[in-house]
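The next block holds one structure in the form of structure tokens; read it before the comments.
The values are calculated or read from the model by the stated rules, or taken from the named source; none is laboratory data. Note that this is a predicted model, so its numbers are computed, not measured. Don't worry about glycine lacking a Cβ; one is built from the backbone with ideal geometry, like all the others, and counts go over all protein chains shown. Note: accessible area is taken over every heavy atom of the protein model, side chains too, but ligands, DNA and RNA are not part of it. Shrake-Rupley method; radii C 1.70, N 1.55, O 1.52, S 1.80 Å.
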Amino acid sequence: LASADGSPPPAKKRVLSGVQPTGVLHLGNYLGAIRQWVDMQDEFDNFFCVVDLHAITSPHVPKELTESTYRTAALYLACGIDPKRSRVFVQSHVRAHAELCWLLNCVTPMGWLEKMIQFKEKSTKQGESVAVGLLDYPVLMAADILLYRAQLVPVGEDQRQHLELTRDIARRFHDQFCNKASKRRPTFVEPDALILKESARIMSLQDGTAKMSKSAESELSRIELLDTPDEIFRKIKKCKTDAIMGLTYGDPARPEATNLINIYQAVTGVTHEQVLAEVGGMSWGDFKPRLAEAVVAHLEPIQRRYNELVAEPEYLRSVLAEGAEEATKVADMTLGWAKDAMGIVPPGAMPILSPMPTAARKQAAPVV
């Protein structure tokens with residue numbers, strides 16, 4: 001709609017984000033990211049993908065990856081992502097991601113990647129079996145973002161290093177191929193961080209100082225979005241707490257208390273102050289069942305919608321196909337600009353070659 005003076009409305013800033021399809025999405029993925037994506041759908045021009053190419057940087061079972069990819073997409077929709085307002089697609093369905101990653105590999109110094117904290121941590125766990133893909137993970141992430149010329153990327157503080165690397169790669173590319181001598185405009189947009197609400201940072205049920213994670217060994221550490229009510233009650237009953245009577249929030253000595261109050265606040269929609277006024281004097285034995293009931297009630301409509309979606313596989317396929325088609329239009333344009341800047345020509349665009357000078361032709365060795 002036009003503004004009161006008749007001028008067109010300002011263009012929405014573009015956002016790109018995604019989650020790996022490893023395992024089942026958990027409460028941390030939902031409260032810390034996906035629910036915030038849902039809330040920003042009318043504010044930004046959104047591209048949300050299931051990043052399956054990132055998932056294969058660690059050992060995986062092919063059949064499980066296939067199922068998890070489509071399950072993750074279904075959960076995006078069940079959580080409230082609207083295909084009419086956001087493009088939803090699978091990363092590998094847009095070939096430009098892998099192709100731009102290779103181009104960016106050729107301008108990214110190895111030393112930059114070796115300094116990445118997540119690579120150091122994960123490579124230590126995997127030992128000598130660590131794959132090149134894990135080292136190259138941040139370059140693929142940079143390709144994901146730069147392809148769509150996204151101005152904003154929702155990240156937590158622990159992901160800021162990867163976003164800064166994306167900006168560094170874009171600058172290096174521009175310095176080499178879009179400088180004054182080339183007379184080319186910049187190919188990419190340097191993205192800024194869209195910092196997610198810190199209050200939505202959900203920690204492990206077994207360690208209030210560690211993020212809730214799909215890769216944690218104990219399934220008791222996380223509540224998955226498709227857990228049954230009985231499983232949710234069991235996990236919350238067994239979650240780590242302390243021996244102190246009463247609940248407090250923000251006490252560094254009681255990270256588990258802060259985490260559980262965060263979860264209760266997030267699924268009920270009340271403030272921390274209201275939570276403490278309601279349950280601050282409770283024992284853990286009284287609070288845990290109330291928390292479990294609140295989580296079950298919050299997840300029930302998501303689980304109901306998920307079941308409806310998996311009963312309509314053709315609808316899910318059509319949403320992902322349409323999303324990939326729209327994403328490809330944007331990605332292929334950016335990829336074409338990047339290839340042109342690097343001197344890689346498309347089929348049929350061969351330049352006019354200069355013939356050898358006459359003297360050089362006479363001296364050329366005969367072809368045997």
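Residue-by-condition table, conditions (1) at positive phi; (2) at pLDDT below 95; (3) surrounded by 12 or more Cβ atoms within 10 Å (Cβ to Cβ); (4) not in a helix (DSSP H, G or I):
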| site | (1), (2), (3), (4) |
| --- | --- |
| E99 | no, no, yes, no |
| L104 | no, no, yes, no |
| F119 | no, yes, yes, no |
| T124 | no, yes, no, no |
Exercise. Of E273, E217, which residue is open to solvent by 40 Å² or more (accessible area, probe 1.4 Å) and either in contact (Cβ under 8 Å) with a residue 12 or more places away in the chain or closer than 17 Å to M203 by Cα (or both)?
Worked result: E217
Exercise. What is the number of the single condition among (1) of a type in the set (A, V, I, L, M); (2) farther than 30 Å from D251 by Cα; (3) in contact (Cβ under 8 Å) with a residue 24 or more places away in the chain that A349 does not meet?
Worked result: (3)
Exercise. If we scan segment 350-362, do we find a residue that is out of contact with any Gly (no Cβ under 8 Å at 6 or more places or on another chain), at pLDDT below 95 and open to solvent by less than 60 Å² (accessible area, probe 1.4 Å)?
Worked result: yes
For this session: Scan segment 65-89 and report the pairs whose first residue is free of Cβ contacts under 8 Å to residues at least 24 places away in the same chain and closer than 16 Å to E312 by Cα and whose second residue is buried (at least 24 other Cβ atoms within 10 Å of the Cβ) and of a type outside the set (V, I, T), with Cβ atoms within less than 9 Å and a gap of 6+ or a chain change.
Result: E67/P21
For this session: Name the residue, out of V94, V38, that is open to solvent by 10 Å² or more (accessible area, probe 1.4 Å), touching a helix residue (DSSP H, G or I) at 6+ places or on another chain (Cβ under 8 Å) and in contact (Cβ under 8 Å) with a residue 12 or more places away in the chain.
Result: V38
For this session: Select, from L25, L65, the only residue that is farther than 20 Å from L163 by Cβ, at pLDDT 95 or above and open to solvent by 10 Å² or more (accessible area, probe 1.4 Å).
Result: L65
For this session: Output the residue which, of all residues in segment 220-232 that are free of Cβ contacts under 8 Å to residues at least 40 places away in the same chain and among the charged types (D, E, K, R), is farthest from K13 (Cα to Cα).
Result: D230
Exercise. What do you reckon, is K240 under 24 Å from the mean Cα position of the chain (by Cα), open to solvent by 20 Å² or more (accessible area, probe 1.4 Å) and among the basic types (K, R)?
Worked result: no
For this session: Hey, can you tell me all the residues within segment 171-193 that are among the hydrophobic types (A, V, I, L, M, F, W, C), touching a residue at least 24 places away in the same chain (Cβ under 8 Å) and open to solvent by 40 Å² or more (accessible area, probe 1.4 Å)?
Result: F177
Exercise. When you go through K240, K288 one by one, which is the residue that is assigned to a loop (DSSP other than H, G, I, E, B) and of a type in the set (K, R)?
Worked result: K240
For this session: Residue by residue through segment 44-62, note down the ones that are polar (S, T, N, Q), buried (at least 19 other Cβ atoms within 10 Å of the Cβ) and within 23 Å of W102 (Cα to Cα).
Result: T57
Exercise. Is it the case that segment 244-253 has a residue that's on the phi < 0 side of the Ramachandran plot, buried (at least 19 other Cβ atoms within 10 Å of the Cβ) and under 27 Å from the mean Cα position of the chain (by Cα)?
Worked result: no
Problem set entry | Where L291 falls short, out of the listed (1) open to solvent by 40 Å² or more (accessible area, probe 1.4 Å); (2) in contact (Cβ under 8 Å) with a residue 40 or more places away in the chain | (1)
Problem set entry | Lone unmet requirement of (1) among the hydroxyl-bearing types (S, T, Y); (2) modelled with pLDDT of 95 or more; (3) more than 25 Å from the chain's Cα centre (by Cα) for Y306 | (3)
Problem set entry | Output for segment 281-300, where each listed residue is under 35 Å from the mean Cα position of the chain (by Cα) and small (G, A, S) | A292, A294, A297
Exercise. Going through segment 152-195 one residue at a time, which ones are of a type outside the set (S, T, N, Q), modelled with pLDDT under 90 and either in a helix (DSSP H, G or I) or out of contact with any Asp or Glu (no Cβ under 9 Å at 6 or more places or on another chain) (or both)?
Worked result: V155, E157, D158, R160, H162, K180, A181, K183
